[in-house]
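For reference, the structure is listed below as structure tokens.
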Amino acid sequence: MKVLMQPIEMIAWFTQDGLPTPVRFRMEQPDGSYIVVKVARTITRKEEKLAGNPMIIFTCQSIIEGVAKLYEIRYELKTCKWYVYKI
């Protein structure tokens, strides 16, 4: 897996307790175009602090450009931003 830490646009739903579940996201490609990825399966969800900043880390699986891939996305609790961390 390659570490990116690239910001993404996410569509997610939240439980009544405030826990997010990713549904799909849009990511910018190196050539400036965008790719939309539907989250097929969320494998794990864990909370972690990165430099004192609390995050929820999701390990997910999707079909990206015809290939099934595992990747890691992160949700920053303080800023409410989503990132693709590893792909």
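Rule-based calculations on the coordinates, nothing more; no lab input. Predicted model, so just to flag it, every value in this text is computed and none were measured. Glycine also receives a Cβ, built like all others from the backbone with ideal geometry; neighbour counts cover every protein chain displayed.
The residues listed here are THR42, THR21; of these, the one that is part of a strand (DSSP E or B), of a type in the set (Val, Ile, Thr) and more than 15 Å from LYS86 (Cα to Cα) is THR21. Do we find that ILE63 is surrounded by 12 or more Cβ atoms within 10 Å (Cβ to Cβ) and assigned to a strand (DSSP E or B) in this structure? Considered against the rule, which asks whether it is surrounded by 12 or more Cβ atoms within 10 Å (Cβ to Cβ) and assigned to a strand (DSSP E or B), ILE63 comes out as no. Inspect all residues belonging to segment 9-18 and state whether any of them is touching a Cys at 6+ places or on another chain (Cβ under 8 Å) and closer than 15 Å to TYR71 by Cβ. Scanning segment 9-18 turns up no residue that is touching a Cys at 6+ places or on another chain (Cβ under 8 Å) and closer than 15 Å to TYR71 by Cβ. With the requirement that a residue be among the aliphatic types (A, V, I, L, M) and part of a strand (DSSP E or B), what does segment 1-18 give you? Selection gives VAL3, LEU4, MET5, ILE8, MET10, ILE11, ALA12. For the subset of segment 12-60 comprising residues that are among the polar types (S, T, N, Q) and free of Cβ contacts under 8 Å to residues at least 24 places away in the same chain, which member is surrounded by the most Cβ atoms within 10 Å (Cβ to Cβ)? My answer is THR59.
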